[in-house]
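Shown next, in structure tokens, is the structure this report addresses.
The values are calculated or read from the model by the stated rules, or taken from the named source; none is laboratory data. Bear in mind that the values here come from a model prediction, so they are computed numbers and not experimental data. Counting neighbours? That spans all protein chains shown, and the Cβs are built from the backbone with ideal geometry, glycine included. Remember, those area values only see protein heavy atoms, side chains included, never the ligands or the DNA or RNA. Shrake-Rupley method; radii C 1.70, N 1.55, O 1.52, S 1.80 Å.
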Amino acid sequence: MHELSVCQSFLAQVERIALAHNARTVDKIVVRIGPLSGVEIPLLRQAYPLACAGTVAENAELVTEIQPVRVACETCGAETNATVNRLLCGACGDYHTRLLSGDEMILASVELNVDAAEQLRDAG
Amino acid sequence: MCDTCGCNVTPGNEHLVRGRGKHAFTAEGKVAVEVLESLLSENDKQAVHNRAHLDKYGVLAVNLMSSPGAGKTTLLERTIDLLRDEYRIAVIEGDLETETDALRLRARGVAAIQITTGSACHLDAHMVHDALHKLRLAELDLLFIENVGNLVCPASFDLGHHLNVTLLSVTEGDDKPAKYPVMFRAADVMLLTKADLLPVIEEFDVGRATANLRNLASTIPVYSLSSKTEQGMQTWINWLHQQMAMQRKRLVGGETMRPRVQSDGKRLHGKEGAAPSAEA
């Protein structure tokens, strides 16, 4: 149920980045989500249009990249796939594992639409 | 602080994300910017600020999470009774409505700030920040934050506290760690509350509850206790003493600690303790 506030939070970041680059609009926002982050992608997608209305990202495409749940075993050293409520080592079954991925909620990148003149000035 | 991913655009690293920097143009008039920042970075920055504030005054902040009715407030009442002579305690209470819990705790002689969240199902760092301003931190040792009763959302928000305590009352069933992995993975200690009912609740198996927690690769301590009969309370109190001593030791060394789940920071920045924030 906090997907709307998650949207509002990353849109605030996107707006700041857009402003820093003098971007007119944002074309694309890429987020990386793992199942253990607590963020539900379908809910995030539902909340997104509501949150982005009236912002510089109003027409931006939201790309959600799902991250796999993977663990590294501290006992046998294997790196294996796991599931959200069974984070045991896939090789030896031990529970002394470290999560390698699966709990991400990251704003990975944004694609901005900037004026060509602006780009030229920045580049020079 | 993060010159590898450019997550903080400053005059020092701006060249990376501007012009012909490492973030190449994708097409005419388009710029792709790599960000790699937590989706909740707004919250996380506030949390870092809160924690710095608490550390400055040597306050240990403990966040209590559980379903509604698992016994958070009753546990706090008993805990306050047992620790009042040793520590100066205050509580921040989160509920959708009512001041009931804050009134109960004030009756125990401690300051209690009620946050009514309206329809929000969790506390966030900004709400806690506002509440902190209503407390005299210089006159505190131990701050409990009683989160909104909910096994889902509170787990994802860093409030600026140091430790997460997750309560599971035995009436809820021993399968909860398997059903709510995000919450139970975030715990620094799991308390099985209402343990006085265990003899009549055959369905609840402490071993099974613990096994479900271990399946989440969690090595944290699990304590059974009852706030009503006070069985097992001393173990929990000892844990708090231990945590308080560790906090004081950390502060002498100028260090702090974040609650157990610190998802992005460590991985993004490659080394432990290097948070994407002012903490470094």
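Output the residue which, of all residues in the stretch B:149-168 that are among the hydrophobic types (A, V, I, L, M, F, W, C) and within 11 Å of chain A (Cβ to nearest Cβ), is surrounded by the fewest Cβ atoms within 10 Å (Cβ to Cβ). Among residues in the stretch B:149-168 that are among the hydrophobic types (A, V, I, L, M, F, W, C) and within 11 Å of chain A (Cβ to nearest Cβ), the one surrounded by the fewest Cβ atoms within 10 Å (Cβ to Cβ) is B:152. Restricting the first member to the stretch A:95-109 and to residues that are without any contact (Cβ under 8 Å) to a residue 40 or more places away in the chain, and the second to residues that are buried (at least 20 other Cβ atoms within 10 Å of the Cβ) and part of a loop (DSSP other than H, G, I, E, B), the beta-carbon pairs closer than 6 Å and six or more apart or on different chains are A:95/A:88; A:95/B:217; A:97/A:87; A:97/A:89; A:97/B:217. Restricting attention to the stretch A:29-46, the residues being surrounded by fewer than 18 Cβ atoms within 10 Å (Cβ to Cβ) and either at the interface with chain B (Cβ under 9 Å from one of its Cβ atoms) or not charged (D, E, K, R) (or both) number 4. Just the residues that are within 11 Å of residue B:213 (Cβ to Cβ), buried (at least 24 other Cβ atoms within 10 Å of the Cβ) and among the charged types (D, E, K, R), please, taken from the stretch B:169-199. The answer is B:185, and nothing else.
Going through the stretch A:61-85 one residue at a time, which ones are farther than 30 Å from residue A:51 by Cα, in a strand (DSSP E or B) and out of contact with any Pro (no Cβ under 9 Å at 6 or more places or on another chain)? Spell out the reasoning first.
Initial filter on the stretch A:61-85 (farther than 30 Å from residue A:51 by Cα): A:70-83, A:85.
Keeping just the survivors that are in a strand (DSSP E or B) gives A:70-73, A:79-81, A:83.
Hits for the stretch A:61-85 are A:70, A:71, A:72, A:73, A:79, A:80.
From the list B:105, B:132, the lone residue that is buried (at least 21 other Cβ atoms within 10 Å of the Cβ), within 15 Å of residue B:75 (Cα to Cα) and of a type in the set (A, V, I, L, M, F, W, C) is B:105.
Here are A:72, A:57: which of them is more than 8 Å from every other protein chain (Cβ to nearest Cβ) and over 30 Å from residue B:219 (Cα atoms)? Spell out the reasoning first.
Working: A:72 fails: over 30 Å from residue B:219 (Cα atoms).
Only one candidate passes the filter, namely A:57.
Here residue B:202 fulfils each of the conditions (1) open to solvent by 20 Å² or more (accessible area, probe 1.4 Å); (2) in contact (Cβ under 8 Å) with a residue 12 or more places away in the chain; (3) over 15 Å from residue B:67 (Cβ atoms) apart from (2). Among the residues making up the stretch A:2-13, those that are more than 8 Å from chain B (Cβ to nearest Cβ) and open to solvent by less than 10 Å² (accessible area, probe 1.4 Å) are A:3, A:7, A:11.
Do we find a residue being in contact with a Lys or Arg (Cβ under 8 Å, 6 or more places away or on another chain) and surrounded by fewer than 20 Cβ atoms within 10 Å (Cβ to Cβ) anywhere in the stretch B:234-253? Scanning the stretch B:234-253, I find no residue that is in contact with a Lys or Arg (Cβ under 8 Å, 6 or more places away or on another chain) and surrounded by fewer than 20 Cβ atoms within 10 Å (Cβ to Cβ), so the answer is no.
Looking at residue B:79, is it modelled with pLDDT under 90 and over 30 Å from residue A:106 (Cβ atoms)? If you could, list the steps in order and put the result at the bottom.
Working: modelled with pLDDT under 90: no; over 30 Å from residue A:106 (Cβ atoms): yes.
Taking the combined requirement at face value, the residue does not satisfy it.
Condition check: facing another protein chain (nearest Cβ under 7 Å) and either open to solvent by 50 Å² or more (accessible area, probe 1.4 Å) or in contact with an Asp or Glu (Cβ under 9 Å, 6 or more places away or on another chain) (or both). Does residue A:95 satisfy that? Before you say what the answer is, go through the steps one by one.
On the way: facing another protein chain (nearest Cβ under 7 Å): yes; either open to solvent by 50 Å² or more (accessible area, probe 1.4 Å) or in contact with an Asp or Glu (Cβ under 9 Å, 6 or more places away or on another chain) (or both): yes.
The answer is yes for residue A:95.
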